[in-house]
């Protein structure tokens, strides 16, 4: 029993090997241990959805589209898959200039073996910071700088760490999305109030105002070409 519980020696990856492997991976793409390289690659790929949501226009886009559906009161129409698909392609359209610059300034030089992987990450990060900084309120950015006690430390947005810029960008996007959502709710709220007042004046208390106002809200949304106006305003809000 004691012999069964006795620890048997196993081959372990040392700290120096991990450090050297990561260093080689970031500099020239090589690495002494292929397992660690694959692990790092899988980890980076798993972070892609988070990066897409938190550092692009996706947050504002999906929230505004959700506000449109809620203000119409159509329950699950359009379905979540449709809203997510539309938000995703709108994100690709809005972020196209950013991705084009990253490809031209970072990916192409790396493919031509003119720069290292470290420079690829640095150039991509700077271009992404430029987009995020343009959409971030100064007040939100100063909030996290004050909390981190690093106010006045960074002379420009290029030196800002992503750990500070990203949360400031997210809360700025949330504020903008809620502001747009408030404006979207106003015309449909007026229709609900008018329909409810008419039903009360007619003594039809048992009839739900939502059932009567829904066709009128859909009719108004179609007549003003609502999806066109919403998408146009949403895309132009990033320019």
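The values are calculated or read from the model by the stated rules, or taken from the named source; none is laboratory data. Computed from a prediction, not measured in an experiment: that's the story for all the values here. In this analysis, Cβ positions are derived from the backbone assuming ideal geometry, glycine residues included, and neighbour counts consider all displayed protein chains.
The number of residues in segment 138-170 that are without any contact (Cβ under 8 Å) to a residue 12 or more places away in the chain and surrounded by 12 or more Cβ atoms within 10 Å (Cβ to Cβ) comes to 5.
Give 107, 115 a once-over and let me know the one that is modelled with pLDDT of 80 or more and in the same structural domain as residue 232 (by TED's automatic domain parsing).
Values: 115 fails: modelled with pLDDT of 80 or more.
On inspection, the qualifying residue turns out to be 107.
Does segment 73-88 include one or more residues that are within 20 Å of residue 122 (Cβ to Cβ) and assigned to a helix (DSSP H, G or I)?
Taking every residue of segment 73-88 in turn, none turns out to be within 20 Å of residue 122 (Cβ to Cβ) and assigned to a helix (DSSP H, G or I).
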